[in-house]
Every structure is written in C-alpha cells, then in structure tokens.
C-alpha cells in the first residue's frame, strides 16, 4: 500500500465566503470546517477526482478551474505516513448556494453541514485557509501557494 494519500479539495468562494463542510463524528459533529473533496481513486486525474468528489458530496457538477494551493502534511490515518492535497478553484460557486445533503450519494452519510462560511471567523482546516487572501489567488496570476507541514 502506498503510504502517501493524494487528495483534492475545492475552493468555492463567493462574496467573501468559502464553501465548507462539517463531518459526522463520535460527538455528533466535527469541531472544524473543511473544504469539500477527498482522496483520488486509482488512475484518476486530479480534476476528475475533484469533480467526482463534489458530485458525491453535493450532487452538483463542478467546473474545475486552476490550481491555487498545495498542502503536504503528516497523516493521522491508519496505514498512511503523509498526505498531499491539491486545492482547485471551482468557477461556478453560484451552483453551490443550496446543497441538499440528503439528495447526494455520499453527503448525508459523511457530512452534517455544507455551507458558505467566513474563513477568517471559523475554525477551518487546513489552518492556512483562515489567513490567506483566497480571493487574491483566484483573481491574480500568482504562483501556487505551498503549505508544507512535514
């Protein structure tokens, strides 16, 4: 088994807010928010994987745009040493204003909430999303931001 997990995440940004999820946990709901996405399937491209994950979690077809951020960190998952996540801009944020988790294939099973949040005011993981100027990365031609937490 590969000890590195590759994941894809969506940056769906609208009116200064970021689409984020809370997850089912032993205590009912996770304490943190995270952007939609998940792990790649074998032989799946990054863009295909993100489109699939968003369809599973939200039931909405995403228009996957440019790569904005990469995060590399030590994994806490069983049988994994590290994780590498790619964060892509999704260019149709208006399509995600009313996500109905009970009408998705995975949403209600995995998630308790999916909504737009203010990333500077909520406990959001990864933490760099709380302080980075997301909109400037979407609008400008900046190099990809890399968060290395190894």
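Restricting to the stretch 25-76, and then to whatever is in a loop (DSSP other than H, G, I, E, B) and in contact with a strand residue (DSSP E or B) (Cβ under 6 Å, 6 or more places away or on another chain), can you tell me which residue is farthest from residue 94 (Cα to Cα)? Restricting to residues being in a loop (DSSP other than H, G, I, E, B) and in contact with a strand residue (DSSP E or B) (Cβ under 6 Å, 6 or more places away or on another chain), the top hit is 75. Beta carbons closer than 7 Å, at least 6 apart along the sequence or on distinct chains, pair a first residue in the stretch 22-42 that is touching a residue at least 60 places away in the same chain (Cβ under 8 Å) with a second that is surrounded by 11 or more Cβ atoms within 10 Å (Cβ to Cβ) and in a loop (DSSP other than H, G, I, E, B) for 22/29; 22/30; 23/30; 31/123; 32/123; 33/122; 33/123. One residue alone among 146, 117, 132 is under 15 Å from residue 35 (Cβ atoms) and touching a strand residue (DSSP E or B) at 6+ places or on another chain (Cβ under 6 Å), and that residue is 117.
Given the structure, is residue 94 at pLDDT 95 or above, on the phi < 0 side of the Ramachandran plot, touching a strand residue (DSSP E or B) at 6+ places or on another chain (Cβ under 6 Å) and assigned to a helix (DSSP H, G or I)? So residue 94 fails the test.
In the set 102, 141, only one residue is farther than 20 Å from residue 46 by Cα and not in a loop (DSSP other than H, G, I, E, B); that residue is 102.
So which of 103, 110, 83, 26 ends up being at pLDDT below 95, over 24 Å from residue 147 (Cα atoms) and either surrounded by 12 or more Cβ atoms within 10 Å (Cβ to Cβ) or touching a helix residue (DSSP H, G or I) at 6+ places or on another chain (Cβ under 7 Å) (or both)? After ruling out the rest, the residue left standing is 110.
The values are calculated or read from the model by the stated rules, or taken from the named source; none is laboratory data. Quick caveat: nothing in here was measured; it's all calculated off a predicted structure. As a convention, Cβ positions derive from the backbone with ideal geometry for all residues, glycine included, and neighbour counts pool all protein chains shown.
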